[in-house]
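Novice: After the structure tokens below, expect a handful of questions from me.
The values are calculated or read from the model by the stated rules, or taken from the named source; none is laboratory data. The structure presented is a predicted model; accordingly, all values stated were derived computationally and were not measured. Counting neighbours? That spans all protein chains shown, and the Cβs are built from the backbone with ideal geometry, glycine included. Remember, those area values only see protein heavy atoms, side chains included, never the ligands or the DNA or RNA. Shrake-Rupley method; radii C 1.70, N 1.55, O 1.52, S 1.80 Å.
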Amino acid sequence: MTGQLALKFPLTSDATFGNYIGHAASKIRTLKTLAYLWGPAQSGRSHLLQALCHAANENKRSAIYLESLWEYEAELFNGLESMSVIAIDDIDTVIGASDWELALFHLINAVSDKQGLLVVSAKVPANQLAVDLNDLRSRLNSAVAVHTDWLSDQEKLQALQRRAKFRGFTLDDDVGHFLLDRLPRNMGSLMEILDRIELETMNQQRKATIPLVKRMLGL
């Protein structure tokens, strides 16, 4: 069942620790117990959770990453404790629903009994979640808390260049700074543009340059 479920939630190939810039990665990869990862949208939470699963798979450990919980029923959590590593994104989207809260509480206990690793993520700290189930609130507040990183422009450039290298092309400093000066600076938007640049360079068999990016973006 968990194997079939994992197929519904494939990992992004380049969402690895090697492609992540920031200190949160070193904290996440050494976790041994229940953890709570938090940070605003586009701050790297999904990347870190998937990187944790990639690392587990490389070490021959079973792992599963879940997202978009609101599209499913709370039974989604049934039996997940059989996995060595469980990463659940955006739990704040289902907190407040009694069936989901109870299912998460039981999963936390089951994973603890199995001595597995469960990491959940949300946009706000655990003590700001509007959790109705007292026992669940207590579990989440006592979890190891990890905050995502606020990256400088130079670190964002490094992240873009690492991702470009993984994809097989080069993003020079001047092109990277051009993007940072003219586009929204959240990493989600920047990575979407990087995907478009990759396709454009492949289609035209050309290097990523400022003139090419200008034409692509209509600037």
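Novice: For helix 98-114, report the angle its Cα long axis makes with the longest principal axis of the Cα atoms of the chain; keep it between 0 and 90° and round to the nearest 10°.
Specialist: 90
Novice: Could you tell me the center-to-center distance, by alpha carbons, between region 160-219 and region 79-101 in angstrom?
Specialist: 35
Novice: Ignoring ligands, DNA and RNA, what percent of the accessible area of region 104-219 is carbon or sulfur (1.4 Å)?
Specialist: In region 104-219, the share of accessible area belonging to carbon and sulfur is 47 percent.
Novice: Between N141 and D174, what's the calculated FRET efficiency when r is the beta-carbon distance and R0 is 41 Å? Round to 0.05. If you can, show how the numbers build up before the last one.
Specialist: On the way: r = 47 Å, r/R0 = 1.14.
For N141 and D174, the calculated efficiency is 0.30.
Novice: Sticking with this one: Within a Cβ distance under 15 Å of S26, other residues only, what is the Lys/Arg minus Asp/Glu net charge?
Specialist: Numbers: positive: K27, R29, K32; negative: D149, E155.
Once all neighbours under 15 Å are counted, the net charge is +1.
Novice: In the structure shown, do any of K8/K214; K27/K165; K32/K123 have a Cα-Cα gap over 27 Å, and if so which? All intermediate terms of the calculation are to be shown ahead of the outcome.
Specialist: Values: K8/K214 37 Å; K27/K165 25 Å; K32/K123 22 Å.
Where the Cα-Cα span goes over 27 Å, the pairs concerned are K8/K214.
Novice: Additional query: How large is Rg over Rh for region 44-115, taking Rg from the Cα atoms and Rh as the Kirkwood inverse mean of 1/r across Cα pairs? Intermediate values should be presented prior to the final figure.
Specialist: Values: Rg = 12.3 Å, Rh = 12.7 Å.
Value, to two decimals: 0.97.
Novice: Please name which of V120, I21, S98 has its Cα lying farthest along the dipole of the chain towards the positive end, using unit charges on Cβ (Lys, Arg +1; Asp, Glu -1) and the Cα centre as origin.
Specialist: Working it through, the farthest residue towards the positive pole turns out to be I21.
Novice: Determine ³J(HN,Hα), in whole Hz, for all residues of region 149-157 in sequence, where each value follows from phi through the Karplus function 6.51 cos²θ - 1.76 cosθ + 1.60 and θ = phi - 60°; x replaces Gly and Pro.
Specialist: Once θ is set to phi - 60°, the couplings for region 149-157 become 8, 9, 8, 6, 4, 5, 5, 5, 4 Hz.
Novice: Quick one: grab the alpha carbon gyration tensor of region 179-219, order the square roots of its eigenvalues as a ≥ b ≥ c, and give me rounded if a/c is under 1.5, else prolate or oblate depending on whether a/b is larger than b/c.
Specialist: Working: a/c = 2.52, a/b = 1.51, b/c = 1.67.
Oblate.
Novice: Where only protein heavy atoms count, and the probe is 1.4 Å, what is the accessible area per residue for region 80-219 in Å²?
Specialist: Details: 7130 Å² over 140 residues.
The answer is 51 Å² per residue.
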